[in-house]
Structure formats: C-alpha cells, structure tokens
Amino acid sequence: MIAMSSDGARGGSRAAGVARRCDAPSRRACDFSKNPRVVKSHSRARRRRKFRDGSVGSSIVTRASARDANDASDARARRERRERREGREMPTRAVAVVLAVTLAARGARGEHPRDASNWQGKHACDAAGRAAKPRSVRDVSEAVYASTDARANGAGHSWHSGLFCAANGGTRVDVSETRAVRAAERFALDEGAMAARADAGMLTRDLLDGLARRGYTLPAFPWFIDQTIGGAIATASHGSSLRAGSLSSQMVACTLVKADGSVEHFSEGTTPAPLFDALRANIGRLGVVVDVTLRVVKNTRITRRNEDVSPEAFVNEMRRVQDAVRACERDYAGNFDAQWSCAMNKPEVRALDETQFFWYIPLGEMSRVHFEREEPMPSFPRYDERGSKELSSIWYGSLSGNDLIRDSPRRVRDITSPVTLMSADSMAESWARQWKRATLANIANNTEEQRDNFLSMTERQYELHQRYGYEQLEVAVPLTKAGDCMRAFKEALYDDRQLNLGFRSQALLRFIKPESAWLSPAHGRLGSLYINIEDFIKYSRLIDRYGNPRFDAAVKILRGDSCEGRLHWGKFGFPERRGCFDGAKEYGVAFCHFGCHVHRLDPTGKFAGDSDVLRFDGVDFVHCCGDDGLFKESSTCRCALTDRQSC
C-alpha cells in the first residue's frame, strides 16, 4: 500500500487508517489501496524496459500567455532589453570562435539523450540502471515505492555523480516534468503571504521569468539559473546576499515523497525547526521533493555599479573583513547571534551585502559589482501558510501509465568537443580576455528591475557555455579566514608556481550569511566567502594524459587549513575513492543532526546515492537521536564516522 500522509505540524505521524480521495484539498492521509490500478501497477513497475526518452536535462517549459495586454507588452519589453544586452556580450571575434566550436559540436555529437550522466555527458553513473520520468505526484510515489534504491534528478546540472546516481543501479527519478502545482505556469503566487509555490522540477529561469511577469522576484538568486529550482534549493545554491542567504534559506515549505512512497508536506511555520533545517539543504537524501515554496519580493528597480580592482586590493579588503568578524567573535564569545549582529554592524562586512567579484585569474585583474536598491529589502516574519489555500493544497494528479520505470540507455553521449587551444599555456591570457569581455557586458552599470539587473547567465551564454567540457567547483570559506585564505591563494597564483595558468574562465566570488540548514556550506559560520572556479583544460584534449595539476593545486589550497573551504554539494571536487570524505569532520555535530532525520525518513538508505559522502557508518542514531530530532553527543554517542581516511 502507498500511504499518502501529511502532518506538517509535527513533521511526523501518518494518519493511519484514514482513507480519503487524493484529489481533496486536505493534507491528511490519502490511501491509494482503494485504487486497483495503483496496486496492479506495483508489479508492472518492476519490469525492466528499454528507456525511450529525450534529451538530458530536458524540462517541461510551460510558458503561459500574459494575463492581459499590459502583461504581454511588459514581457516583450523585458525580452527586448535582455536581447539587446545579450547582443553586447561578446566581441565579434569571440562570438565567431565560440559559435564555430558550438556548431561543430552539434554537428558531430547531436543532442544529448536521457542517459546516466550529467547534462554534458560527463560523470556517468557506474551502472546505467533505471530511470523514471513521472508526470504527477502519484507517479513519483509509485516510482519510489517500486524501487529499492532511488535518487531524484532534474536538469542534470551536477558534477557529482555519486549524488545523482542511485546506488546499485537503482532508479533515477527525473522530476523535470512532474506537476505538483495545478497552475498552468507551474507556480502559484500568494501576494498576501509574499510567497510562491512551484513545481520542484521547474527551471529556476522559468520561475524567475514567471514571477517577473507578475511583478515579483526572488530576494537573491544564483548566476546559473538553468537548474531546477528543487535541485538548486537542495544543494544550497546561492547568489550573493548577507541578508537573504541561499535559496535554501529562502525556502519556507516543501512537499516530499518519502522512502515508503508516502507524501508529506512541511512548512517553516509548523514543522519543528531541526527537521525543517534538514529539509532546507536536503541534497536528495531525505526523499524526492515535488514542490517548494519560497519567499518573494517586489521586482523593484535596482542600480548595478561595477569598478576595476586589483587582486591585491581585494585581498586587503578581505583581511579587513576577517579582522572585523574575528573582533565580533571575540567580543561576544558564546553568543552566535550577537556575534553576527555585531559583524553586520561593521562597515567592512556590510559593504559585502549584494556584492560580487569577478577574478580574471590569468590577467591578474578583477571587477567588483555592487547593487543599490531603490527600496530596502523587506524583513520577513516567520512563515505561516495555514491561511493560504493556494499554497497549502497538493495536486496528486493521476498515474501516467504502466511502464513508468524503464532501463536507461547504456551508452553515454558527450555533447562537448575538445578545443585543443584551450590547453595551451600561451593562450591563457587570450581566453581570459574573451571571458572578461563577455562578463563586462553582464556587469555594465545599469538601473533596471531586479530580475533583469541581478547577475545571471543569459540563455545565449548558456547555449555557448554548455558545449565546452569543464568541471565547476565551489568552496565556502568562513569570513574569519577570508583574508588569510585569499592571501595564500593569490600568492600561489602569481608566484613561481604559476597556478594562474591552470585557469581560463574567471572566478566568481560571492558572500552568504550564516545559514541554519544543517548541510549548507555556510552553516555554523559567521558569514562565508564562496569562490566558484572552473577547469576548462581537463576536457580540452582528445586524449587527456596530463589533467590540470595547477588547478588541482589551487583547489588544495582552498580546501586546506588556510581556507577550510567546504565543497558545494552539486559541484566537482568530492573524492572518487570511498572513505575519503568525512562529513562529520567538515560539519561537526550538524552532520549527525541531519543524520537523525535521514534515519527517521529513510531508514533503509534508499536515497543514499552511489557515493558514501552522505552515509553515516558507525553512528548510533537509534540511541543518540533525541525526540527533538537532534543528535545528543556524549561519551557513548559520538558523531564520528568509521572507515574514513585522509586521501
């Protein structure tokens, strides 16, 4: 039996024995056992069939027509402005080079099928396994119920196969076309609650554009917006904000399909905080999220300003920030909230709010980008959705068919083509100049609505960018180490080690407030500096015998004692060898707080993934997790993993 249960108030007890129609607006239990079609389909879903699906990362892009003529006119004007900006993104010569490579890649490779790899055809799963592409919440429940191992998938924008591949060749549940919100645009907006509920499989770009048509946007959002909104939240993806934080901090509710196939809704206002902080950055470990609710703000005008700075000036600024935060840490020892309040009153720290830096590493040049709002960002009270019918009802939908789970193609097709010139040291500055010219168009001084003026990759840039094979890695460095870290990083780039020659594209540096999500890289730290870097050399050769040792050496610095950088969950950098990542050492007891909720929601490890980074070997959750959902450390309850090693 698949029990659809929901108790957002306590995150917990299923309403046993309560049977209702699942199209009712109630959040209480929906018993599918009365539906013979569902019961029969359990056995059918276990049959393995050839997977005959489309392109990887394909997503339903439901574009509702404008609500009236004025909305349509606004949308056209916004699109025309964006297209004019995109037309200035790259100089003619750069566009010609990139387009040539892109067209060659298309002709040689064709479009990417839905296979067991990321959207470029990299980081393939060890076993092709099975895949499901559910259209409804009922479909997701059916796929999860019928699978021994499963992982949620979306647009495929991940460089960490261990977290998008299911263990033991299990089922990858692609939610990109799953409908949990009845609205045609795939999201529902409650202007009174200043919140929007969206399908988890909706692209972040589509959600932002849909909200903009209604006069709203998200308080802060990432540079890269072509991932699903559910995946972006699950991995704590972010823009640059010391007030709004990452998308995980902006989430106020979600609906989860759990390991037993039941469906439960959780809300910031009614779910116990320890559980909701596990859901905020769940990394797919607690189940399959089918919808999310986020804070929204009015899409007001905002001014963007940029200036050139030198790497030395940036390092000195980070040193001043480090000193200011450390002073607050010392003055208010033992009181984390007071420490952060003190830090935000320091002008050195406050200046980083909604500020970003681009570091053109081979050139030894940087750009600083800052935003000024015409209207201040509103303060958000604790969220309570009980009065909002639009945000509180689940649309279960109907079963799509009998062959929901199918075999994945065994062949992985790579849509990228090697660009040999990318690997030449002598070309490092030339490539960096091309990227800088493109970036300068994005960051030009401007005043416009927040959706259009905040920095994000345009659709044209995405189309050009995706054809180059590359690894993307990001680390979160505590502000208490930002100065020392950036000093060590800069020296290694430009001294006789010449690590700058291991880079082609610019580094992107952003700032995030402390976050309550247990597995946010910013958790438990007095603000974090995020450094996003990319390796375009690794895949630039037809046969790679050399790798990119300079890039690897730079990563080692960012992950070392000088920086203590925590890895972004969806990006490159996690060890391939088992036993080499120790979450308990990286996150302390917060890792085991998260593990307590894993133990309750996924006791058999169905959603563990084909990696050991989110496994909890050696931790006694049975005796050490309290009723409040927190891990109780003691002499007999230690948050320490077994079989871990330094690699």
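The values are calculated or read from the model by the stated rules, or taken from the named source; none is laboratory data. Keep in mind that this is a model prediction, so the values were computed, not measured. Here Cβ is always computed from backbone atoms with ideal geometry, including for glycine, and neighbour counts include all displayed protein chains. Calculation scope for accessible area: heavy atoms of the full protein, side chains included, ligands and nucleic acids excluded. Shrake-Rupley method; radii C 1.70, N 1.55, O 1.52, S 1.80 Å.
Tell me, please, whether a residue that is within 30 Å of residue 444 (Cβ to Cβ) and either modelled with pLDDT under 90 or among the small types (Gly, Ala, Ser) (or both) can be found in the stretch 385-397. Looking through the stretch 385-397, none of the residues is within 30 Å of residue 444 (Cβ to Cβ) and either modelled with pLDDT under 90 or among the small types (Gly, Ala, Ser) (or both). Does residue 253 meet the test of being at positive phi and open to solvent by less than 10 Å² (accessible area, probe 1.4 Å)? Criteria not met by residue 253. Whenever a residue of the stretch 473-491 is assigned to a helix (DSSP H, G or I), its partners that are of a type in the set (Val, Ile, Thr) and open to solvent by 10 Å² or more (accessible area, probe 1.4 Å), lying with C-beta atoms within less than 9 angstrom and at least six residues away or across chains, give the pairs 485/557; 488/557; 489/557.
The residues in the stretch 334-355 that are in a loop (DSSP other than H, G, I, E, B) and either in contact with an Asp or Glu (Cβ under 9 Å, 6 or more places away or on another chain) or open to solvent by less than 80 Å² (accessible area, probe 1.4 Å) (or both) can be counted, and the count is 6. Residue pairs whose Cβ atoms lie under 6 Å apart, separated by 6 or more positions or on different chains, with the first residue in the stretch 539-563 and buried (at least 20 other Cβ atoms within 10 Å of the Cβ) and the second among the acidic types (Asp, Glu), are 548/535; 551/535.
The numbered conditions (1) at pLDDT 95 or above; (2) surrounded by fewer than 24 Cβ atoms within 10 Å (Cβ to Cβ) are all true for residue 234 except (2). Of all residues in the stretch 492-514, those being of a type outside the set (Lys, Arg), in a loop (DSSP other than H, G, I, E, B) and crowded, with 21+ Cβ neighbours inside 10 Å number 4.
Of all strands (runs of 3 or more DSSP E) completely enclosed by the stretch 145-197, which ones contain at least 1 residues that are in contact with a Pro (Cβ under 9 Å, 6 or more places away or on another chain) and more than 28 Å from residue 388 (Cα to Cα)?
Values: elements: 150-153, 171-174, 187-190.
Result: 171-174.
When residue 535 is tested against (1) over 16 Å from residue 123 (Cβ atoms); (2) of a type in the set (Asp, Glu); (3) surrounded by 18 or more Cβ atoms within 10 Å (Cβ to Cβ), just one condition goes unmet, and that condition is (1).
For residue 519, the requirement of being under 28 Å from residue 243 (Cα atoms), in a loop (DSSP other than H, G, I, E, B), open to solvent by less than 20 Å² (accessible area, probe 1.4 Å) and in contact with a Leu (Cβ under 7 Å, 6 or more places away or on another chain) is not met. Pairing each residue of the stretch 613-639 that is touching a residue at least 60 places away in the same chain (Cβ under 8 Å) with any residue that is buried (at least 20 other Cβ atoms within 10 Å of the Cβ) and among the charged types (D, E, K, R), provided the two are 6+ apart or on different chains, yields C-beta distances under 6 Å for 614/285.
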